[in-house]
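The next block holds one structure in the form of structure tokens; read it before the comments.
The values are calculated or read from the model by the stated rules, or taken from the named source; none is laboratory data. It should be emphasised that the depicted structure is a prediction, and the values quoted were computed from it without experimental measurement. Positions of Cβ are backbone-derived with ideal geometry, glycine not excepted, and every protein chain shown enters the neighbour counts. Please note that ligands, DNA and RNA were not included when accessible areas were found on the heavy atoms of the full protein model with its side chains. Shrake-Rupley method; radii C 1.70, N 1.55, O 1.52, S 1.80 Å.
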4 protein chains.
Amino acid sequence: MLVVMKAQATPEQINAVCEHIEKLGFRPHPMPGAQRTAVGITGNQGQIDQGNLEELSGVAEVIRVTKPYKLVSRDVKEEDTVISFPGTNATIGGRDLAIVAGPCSIESREQAFAVAEQIAAAGAQFFRGGAYKPRTSPYMFQGLGEQALIIMAEVRDRFGLRIVTEAMDTENLDLVADYADVIQIGARNMQNYTLLKAVGRKRQPVLLKRGMSATLDELLMAAEYIMSEGNYQVILCERGVRTFIDHTRNTLDLSIVPAVHRLSHLPILVDPSHGTGKRNKVVPLARAAVAVGADGLMVEVHDQPDKALSDGAQSIYPEQFVQMMDEITQIAPVVHRNVPHGIEISEPVGGPVTGTARSAGR
Amino acid sequence: MLVVMKAQATPEQINAVCEHIEKLGFRPHPMPGAQRTAVGITGNQGQIDQGNLEELSGVAEVIRVTKPYKLVSRDVKEEDTVISFPGTNATIGGRDLAIVAGPCSIESREQAFAVAEQIAAAGAQFFRGGAYKPRTSPYMFQGLGEQALIIMAEVRDRFGLRIVTEAMDTENLDLVADYADVIQIGARNMQNYTLLKAVGRKRQPVLLKRGMSATLDELLMAAEYIMSEGNYQVILCERGVRTFIDHTRNTLDLSIVPAVHRLSHLPILVDPSHGTGKRNKVVPLARAAVAVGADGLMVEVHDQPDKALSDGAQSIYPEQFVQMMDEITQIAPVVHRNVPHGIEISEPVGGPVTGTARSAGR
Amino acid sequence: MLVVMKAQATPEQINAVCEHIEKLGFRPHPMPGAQRTAVGITGNQGQIDQGNLEELSGVAEVIRVTKPYKLVSRDVKEEDTVISFPGTNATIGGRDLAIVAGPCSIESREQAFAVAEQIAAAGAQFFRGGAYKPRTSPYMFQGLGEQALIIMAEVRDRFGLRIVTEAMDTENLDLVADYADVIQIGARNMQNYTLLKAVGRKRQPVLLKRGMSATLDELLMAAEYIMSEGNYQVILCERGVRTFIDHTRNTLDLSIVPAVHRLSHLPILVDPSHGTGKRNKVVPLARAAVAVGADGLMVEVHDQPDKALSDGAQSIYPEQFVQMMDEITQIAPVVHRNVPHGIEISEPVGGPVTGTARSAGR
Amino acid sequence: MLVVMKAQATPEQINAVCEHIEKLGFRPHPMPGAQRTAVGITGNQGQIDQGNLEELSGVAEVIRVTKPYKLVSRDVKEEDTVISFPGTNATIGGRDLAIVAGPCSIESREQAFAVAEQIAAAGAQFFRGGAYKPRTSPYMFQGLGEQALIIMAEVRDRFGLRIVTEAMDTENLDLVADYADVIQIGARNMQNYTLLKAVGRKRQPVLLKRGMSATLDELLMAAEYIMSEGNYQVILCERGVRTFIDHTRNTLDLSIVPAVHRLSHLPILVDPSHGTGKRNKVVPLARAAVAVGADGLMVEVHDQPDKALSDGAQSIYPEQFVQMMDEITQIAPVVHRNVPHGIEISEPVGGPVTGTARSAGR
């Protein structure tokens, strides 16, 4: 159910509608738009009576939403969701493409700084790196944990890059949230509903990776889980799905980009590193992702891929990253997008945490 | 790495080997066999020196295991793992097929008892029911939670049936473990490594369902995660995978049954309810599962499937369950198996918990 | 469109209806049933007027068939199609399971006779062998061609076994049809519509194998192509589909057996040899196929699988075939079926062709 | 096996090598390169003796090719295959992208001309249209047959566009070859080896579409079938594969483009119309295909898609085609390609056939 407010509705009227919804035992989700505010209603306590809502002042109309997802839908919010990062010019979902790059795992301070310096110079705004790694085998390298988070905070201090890193479970979520600018939910956890709800209660942007065999609807429903808890800053990410195809590790489904844009206001990035699993195919598919209309890219870059502790075969060299940036800069205008050149920090570095101390107030 | 002890090795010698392994910073897993004990070694701190181990008294030989999984492997333990339920004649993995049946979700005491009575009469030994339900949409029925666990404890008291129910996350794991005889890990959580490790620290049998697009290796590796924490009572479960096929909800891959038996000593059940998603296909595929050599079945039974709060379309009627039991009873001898008729309780009902009070000592 | 005749309709009335349909530019397909005859109408010249048909004498009612397939549908013919082989007790689709066995390719007279003797002794009624082999590479063994057909005719003469062999194209169809009792259409040709139509103009039974990624509807539509040309003796065959699964060569989809039986009157066999690609999984899945309700089995048997020119890894040894026959003989009664013990020839060997001379009258 | 000739080898020496190979019962395939000629050797009569070949004059070295395909391999021919169309500036595989456009089926002269005029004006060099249509149901529109071929010949005469049309079987191959500049082999026929060999004996370029569930190796092997008969003008085409994904009709696998370019010298086009099955996704994926490095595009354009007799839902409007051409013109330079603006005819229209008379000499 969706309550569409009149264009001239006052904040007080919107508040009154929200309170009324809460009184009925449901949850209101006010979604301000360019023209007017809509209030999504969620909850699984059964049907709500439409009549009374329509009589509240400031209400234009009440719409029954029949799709299984509501808050992610363009029916509820027509304008694209643009996520901004206060104190910087970085955005995700707007005209500027978001470029997220970095090693699969944080292996050492030296490695992280070496990669970060090069990707920052080439124009990336976001640094990705794994602190906690979900590995198929319990006997593989599982990440440096908090030590890696601290290293990434130092990368943030030093280069201004905003940090994207994965929370593997509710146990480490708080710690990850203390350090990350964007909390990543990995493909294997796309339907870990407990984690989705927990991250839905955080107030940081969430990067939600598509599951190995998730349909479009399931991806959108996973985003709905996060949003239904009140966190509307969700970024989707296509990273390849599992098919019979054997010349790549996964099959990158670029068609989901226009499909998401049609149904949802959420931005979607493409990860050609996991999407192909082969270094020589990352740059071509990065170009294709920009051409198809993705809101940005997430790529693995390693200065010594052959020595990487995880996913070396799909990490590109820094010089390939430079080439990629050059090529997508030329393609972006065709789809009315722009490749910004690096991040600009307009305020003294603040944000989640500095390299040495964790923020208290979260 | 695997240390094979001599047939006549004493418990003290085995202990000494384990202590030696721990001193080296690794983890020993003694696996007693019919003839001799083997000690699996796990840990990700690099290579262990083979020579010293071979010199310890009672050691027959030291074998390097090259497969990515160790503890699940038949190389490490040749005999089938048979899980028994103290105080009862029920087993999983032995000559008797394990029959797990019940509704998708526990909806009420009346519903649970109605179904339980009929499946017990027809010969099931295990009662399945969802207390916590992972649902694609946040707005769908999510299960009755602890109330459902209490109802299942009452079913256990009343009918003797052992309880199989899903733990969705580490938050509810302890509570589920208090009530369940077998803790189920759902398909969506097959690669939720945090949950796998947590359940690996429990001392109850775990039923691990295959993920939607998991390969055989990934399934075995997920089991390895549980075992590497010391819980060796793992039961695998095939429940269909996702393919292009559209005449069933999932594609039941019966070939994984002989494949698992070849590589691993762990038992594997088949769930033809999720595996097909269609009531009219459950019984035929249950017969096929027994014929292919499965160690048991897990089926959804509901007395009023049309009114089920979840998965009604794939739940069979109690009379279909009776027919299924009759048919598999005839097929089982062909594969040298037996369908036991219900559970026999040899001791006053004890076990995890009674309907009214939770066990303290866990 | 389907014209259902009255129970007491005379052959003349049925004829008159057929002629009327032809006059309208369509094609009539009389399908005699136990109670009454139905006449299917096919053709793509647009809609037919229902009113006039209903007025013809002997017509009970005229039904519009909305499914994309008609002649294959149970709506058109309620009784199971049972294909018989004149002069023998062999049938496909009836109470007796049809057992088709033999080598992948015919390699020599010695090999064919060695295998045939053993499978005949174990109870098979049909001998399969490739004369023309569709191979992925142009440089692989492509079959002995007509020489193989002659060898199979000798097998027929000697052991009474009916012959199943593949026609790869319209060029070799006539020759294959001269020798074969059942013409096989391979998985790669399931949508070779020209070949389907050509075999539809033959009057021998056709074994149609499911394509590598064919849906149930596509399989039924391929059968419809054959039937629309007037050949109603179609036998379907499940042989595994292509998925992400890597522990078997293909993924055997046993759920299609009850799905076919629900929608169509046509019989369906299962080929666990191609369906798994692994010798050690053939017998378990053969048992499962019988348990799920298949109308028969098609298995590759080779006396020296390691020396086979094609598909040796999935061919079972004759002694495994004996074991399989023994096991399915025990399972068949559960599904109200019977495993006949070999073929009985009630007439002097006639049929398509003898080993030395080709039949003239085709 | 591959015989690499010395750079200065004479035509006589090359001839002598070829004759020697033929005398040994094998087939020589001379492949002239920029620097030197290589002679591929095919045949399935077993191993060839390497020593004697190396002694022939002009031979630099003899290389054993271990891949299952030979003639398609870059090992055999390092330079890209560029197919040219005499009397025109059109090429496939060179710097210029090849743009193939037109309706799914030829429905009438008016329709064909209306579409052709618009795509020619927008810059296409090739006109595609179905004369013979492989349809899932025998009751669907199967194409206008020769009438459609004649219409396409008229389109050729009138607009200069080269004609791409499908041969469905060996029966209609000669007729199709009389009219077509490029003979298309459809996805359903990718492993119709009889048809592949027949088209391999033609001397026109062949467009080979990837099968619904073909792996990269299988696609290359299908091309090898054609080349092994002596026709080296093969163009591959990605058109989507079948997966679990349900938001598009097929899943377009753009990663196959760089994968083909790595292994083979053959050009590869992308068909985003079949690859998505949805009009609103064709242009985005056409852009992506160019960005990933495809050698051209094949798209369905219809002036009245809603009235199309086949595949209307995936045909784009002529104005969308104009937009697509504009966008890919901007993207092409990034991948060092060029979008030519239409075809230029340097000679009086000759070619396969004119609109009124069929060429005799084929």
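Overall, the accessible surface of the protein assembly as shown at a probe of 1.4 angstrom is composed of carbon and sulfur to the extent of 47 percent. Measuring how big the range C:2-63 is from its alpha-carbon positions, Rg and Dmax come out at 10.6, 31 Å. With viscosity 0.890 mPa s and temperature 25 °C, the Kirkwood radius over alpha carbon pairs of chain D converts through Stokes-Einstein to a diffusion coefficient of 117 µm²/s. With label points set 7 Å from Cα along Cα→Cβ, the inter-copy distances at D:GLU78 are 5.6, 5.9, 7.4 nm, sorted shortest first. Separation of the alpha carbons by more than 18 angstrom is noted, of C:LYS23/C:LYS70; D:LYS23/D:LYS197; B:LYS67/B:LYS209; A:LYS6/A:LYS77, for C:LYS23/C:LYS70; D:LYS23/D:LYS197; B:LYS67/B:LYS209.
Give me log10 I(q)/I(0) at q = 0.06, 0.08, 0.09 Å⁻¹ for the protein assembly as shown, Debye formula, one equal scatterer per alpha-carbon, no solvent. Treating every Cα as an identical point scatterer, log10 I(q)/I(0) equals -0.63, -1.17, -1.48.
Treat the range B:129-225 as a sphere of radius equal to its Kirkwood radius over Cα pairs and apply Stokes-Einstein at 4 °C in a medium of 1.567 mPa s; give the translational diffusion coefficient in µm²/s, rounded to a whole number.
94
Burial annotation for the range A:175-201: residues with an accessible-area loss of at least 10 Å² between the isolated chain and the complete set of protein chains, computed on heavy atoms with a 1.4 Å probe, are A:ARG188, A:ASN189, A:GLN191, A:ASN192, A:TYR193, A:THR194, A:LYS197.
Ligands, DNA and RNA are left out, and with a 1.4 angstrom probe the accessible area of chain C is 34 Å² per residue.
Partner aspartates and glutamates whose Cα lies under 13 Å from the Cα of A:LYS133, excluding those fewer than 8 positions away in the same chain, are identified as A:GLU107, A:GLU146, A:GLU166, A:ASP169, A:ASP311. Computed over protein heavy atoms with a 1.4 angstrom probe, the accessible surface ordering of B:TYR132, D:TYR193, largest first, is B:TYR132, D:TYR193. Inter-copy label distances for D:MET140: 3.0, 3.1, 4.2 nm (label point placed 7 Å from Cα along Cα→Cβ; shortest first).
Note: relative contact order over the range A:2-63, using C-alpha pairs below 8 Å and six or more positions apart, is 47 percent.
Counting only protein heavy atoms and using a 1.4 Å probe, the accessible area of C:ARG203 comes to about 140 Å². Averaging Cα coordinates gives a centre for the range D:118-181 and one for the range A:158-174; these two points are 56 Å apart. Of the trypsin sites (Lys or Arg not before Pro) in the range A:68-116, the ones in a loop by DSSP (not H, G, I, E or B) with at most 15 other beta carbons within 10 Å are A:ARG74, A:ARG95. For B:ARG158, the distances from its label point to the matching points in the remaining copies are 6.6, 6.8, 8.0 nm, ordered from shortest, with each point set 7 Å beyond Cα toward Cβ.
Binning the C-alpha pair distances of the range C:234-353 at 10 Å intervals from 0 yields a P(r) profile of 13, 39, 34, 13, 1, 0 %, listed from the shortest bin outward. Taking Cα atoms, how many degrees apart are the long axis of helix B:170-179 and the longest axis of chain B, rounded to 10 and kept between 0 and 90? Between helix and principal axis, roughly 80 degrees.
Comparing each chain alone with all protein chains together (probe 1.4 Å, DNA, RNA and ligands left out), the residues of the range A:262-287 losing at least 40 Å² of accessible area are A:ARG262, A:ASN280, A:LYS281, A:LEU285, A:ARG287. Normalising the average separation of contacting C-alpha pairs (under 8 angstrom, six or more residues apart) by the number of residues puts the relative contact order of chain A at 18 percent. Heavy atoms of chains C and B lose about 2800 Å² of accessible surface on contact, summed over both sides with a 1.4 Å probe.
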